[in-house]
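Read the structure below first, then the notes.
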Amino acid sequence: MALTDWLKRGFVGRPLDNSQLGETLLPKRVALPVFASDALSSVSYATEEILLVLSLGGLAFYHFTPWIALVVVLLMLTVVASYRQNVHAYPSGGGDYEVATTNLGDSAGLTVASALLVDYVLTVAVSVSAGVANLTSAVTSFAPHRVLIAVVLIVLLTMMNLRGVRESGTAFSIPTYGFILGIFVMIAIGVVKILLGHTPRAESASYHVAASGHYSGVALAFLALRAFSSGCTALTGVEAISNGVPAFRKPKSKNAATTLLLMGVIAALMFGGVTLLAMVSHVRVASDPSKLIGAHGDQPTVIAQVAASVFGHGSIGFVYIATVTALILVLAANTAFNGFPVLGSILARDGYLPRQLHTRGDRLAYSNGILLLAGFATLLVVVFKAETTRLIQLYIVGVFVSFTLSQTGMVRHWQRILRSQQGEAATQPGRRVIRRRQTINFFGGCMTGLVLILVLATKFVHGAFIVVIAMPLIFLLMKFIRRHYDRVATELRAEPGAPLLPSRVHAVVLVSKIHKPALRALAYAKATRPFSLVALTAAVDQADAERLRDEWHERGISIDLVTLASPYREISGPVLKYVAQIRRESPRDVVAVFLPEYVVGHWWEHLLHNQSALRLKARLLFQPGVMVTSVPWQLESSNRAGDRPEREGAGAVRGGWAGPRSSVAVGVGLPAGPAGAAPTPNGPAGTPPPAPPPVASGQGDEPKG
């Protein structure tokens, strides 16, 4: 096995057969950490985002926090209830994209798709950056290296997901359930302390927050709405389960809906509990650390301050919360690693993204989509220096675009079903159920639409404009890709009736010297029985060309050797001119160009041989009516590298055919095949090929692989 194959097997694992796809499906206990880690992890920073915005108005504005958090929880439960309808109605995995496309049209579907693609990339960047921020809150010496740490974590996540959904889900289950357990234990201990009169007190409780301006009337309402829109980051990831229904075990829709409900309840309880403890313990944070009067050094995260107030700074409980929070924030990116490749595959299937994204890798995961997501997320982390506060301003625009269009599409979905049942009784139980579901989606669509407007209004100048620009660009790119595929399909569509065959085939074999690859190419070209057959060489060096011609005659090879003048010491130009001349004189004929190439087995060998065959082949492919055939000769190093006898079970021969033993005659002539069937050297009727361009002595360089 080659070194690259060995490394790939070590990192990715053994390949899985298509029949093993069912083995990768997830039970609910594994699906929860795989698809819900993003929504659950947002508990660790959603409260902080609310407080950071309210701090602009000063300490007095903190009393709005519980009310804003309550509205966020109600919105979260509404969205969860709405998406449970999506899961049952559209279980194929298209999620919001499929809902919008089916009910609102292709443009709406592409708008949702562009929003989700952006959101998934931001999910990875924000989650990893937030995880690193929590890590540096506990270990401050890591702070200068946060970008490097974030990039390394993205690489590790990529490698885990390349191994397959099930394996990555199993590996990520322990940290996710550990985070849930830790947060609930922290909330329970905090509540018990409050009831016993030992109210937790944060280390920042004595700090004061200086207002950044005077807020009253409209300005106050705008500040509160901006804090609410920031708190809505708690809803990110809710849609992931609807996009991942195919990954669940049967019954898929039921299991996905149950997991979605469980996720919503857990996330709402944890978010409410953390917000309560943050308020009771008097946590103080500010968007501008210089406005935090009395603070010294870096500003710890809210979750770290709450844990310190409940368990004590440096205690086992504090270290545990800091550790599992950092892990869950990093692993929250796994939600995107499961959603982005699936969505990319569906878009590729529909012709809106490159077809390569629709292909599964060795482990039955969409490897190309995983790598593409990792690349874009790494770019964002580097550009924004892994700063969560800067990245999160871009975050939830795409989420609420998809929320709103999806719920609007579901309203139309139920309305279409109701129209199909117009002749049935209005009191029919089924119609009442549909009306109830439609009402849930309508309410969810109104709520998410309102939040989308608020997000755009409050976050646009703070970075959301980047997403507003990126989404239309991705939309137009997908439209362009689809038009390209449609145009190609139209050009390639077969016409009715029998296919038109060329009148004749003129074979041209490129040679530079008489050796085994050249003789094989000549033998193979003659075996195809063309109308005419010539060997072609470009005279780069006169002495070499003369030696080639002399050896040609000495061996008595019965195929004409045509030498092309090459005054500028290049091969492609004279060959293309010769082929074009044949096409001009016989427009209905086809020219078959045979290129002898030899195959090397080591990367460094490519540096020692020129790539003239590749360059010539690239230019010939643009010529109409020209067929290009590579005739390979496997060198000994390529046979060792490929390990063909063991892997293919064929009688591979070193330095020969990659298959059964074969010989090439060298001497007076070449094998003519069955008696009476071989063409004459210049065609069945002895018709000579078109006259070549001016002849000169010399030899061209052999096209090599």
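The values are calculated or read from the model by the stated rules, or taken from the named source; none is laboratory data. Since we're looking at a predicted model, the values are computed, not measured. All Cβ positions, even for glycine, are placed from backbone atoms using ideal geometry, and neighbour counts span all protein chains on display. For accessibility, only protein heavy atoms count, side chains too; no ligands or nucleic acids. Shrake-Rupley method; radii C 1.70, N 1.55, O 1.52, S 1.80 Å.
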(request) Answer with yes or no whether residue 265 is modelled with pLDDT of 90 or more, in contact with a Lys or Arg (Cβ under 8 Å, 6 or more places away or on another chain) and outside any loop (DSSP other than H, G, I, E, B). (result) no
(message) For a quick check of your reading of the model, give me the residue pairs whose first member lies in segment 131-146 and is in contact (Cβ under 8 Å) with a residue 40 or more places away in the chain, whose second is open to solvent by less than 40 Å² (accessible area, probe 1.4 Å) and not in a helix (DSSP H, G or I), with beta-carbon atoms closer than 8 Å and at least 6 apart or on different chains.
(response) 131/332; 132/386; 133/301; 133/386; 134/301; 137/300; 137/301; 146/386
(message) Step by step: first the residues of segment 594-623, then only those that are part of a helix (DSSP H, G or I) and not hydrophobic (A, V, I, L, M, F, W, C), then the one that is farthest from the chain's Cα centre (by Cα). Which residue is that?
(response) 612
(request) Within segment 490-525, track down each residue that is at pLDDT 80 or above, out of contact with any helix residue (DSSP H, G or I) (no Cβ under 9 Å at 6 or more places or on another chain), over 17 Å from residue 626 (Cβ atoms) and not in a helix (DSSP H, G or I). (result) 493, 515
(message) modelled with pLDDT of 90 or more, of a type outside the set (Asp, Glu) and either under 17 Å from residue 597 (Cα atoms) or open to solvent by 60 Å² or more (accessible area, probe 1.4 Å) (or both): is that true of residue 561 in this structure?
(response) no
(message) If residue 340 meets every condition in (1) open to solvent by 20 Å² or more (accessible area, probe 1.4 Å); (2) farther than 22 Å from residue 273 by Cα; (3) of a type in the set (Phe, Trp, Tyr) apart from one, which number is that one?
(response) (1)
(request) Could you grab the pairs with beta carbons closer than 9 Å, sequence gap of 6+ or different chains, first residue in segment 531-560 and assigned to a helix (DSSP H, G or I), second one basic (Lys, Arg)? (result) 544/513; 547/513; 548/513; 551/513
(message) Can you say whether residue 460 is assigned to a helix (DSSP H, G or I) and modelled with pLDDT of 85 or more, as far as the supplied structure shows?
(response) no
(message) If a residue counts only when it is closer than 30 Å to residue 249 by Cα and modelled with pLDDT under 80, which helices (runs of 4 or more DSSP H) contained entirely in segment 1-112 have at least 3 such residues?
(response) 3-12, 28-41
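Sort through 555, 520, 487, 529 and tell me the only one that's surrounded by fewer than 16 Cβ atoms within 10 Å (Cβ to Cβ) and within 46 Å of the chain's Cα centre (by Cα).
487
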(request) For residue 645, indicate whether it is modelled with pLDDT under 85 and within 21 Å of residue 531 (Cβ to Cβ). (result) no
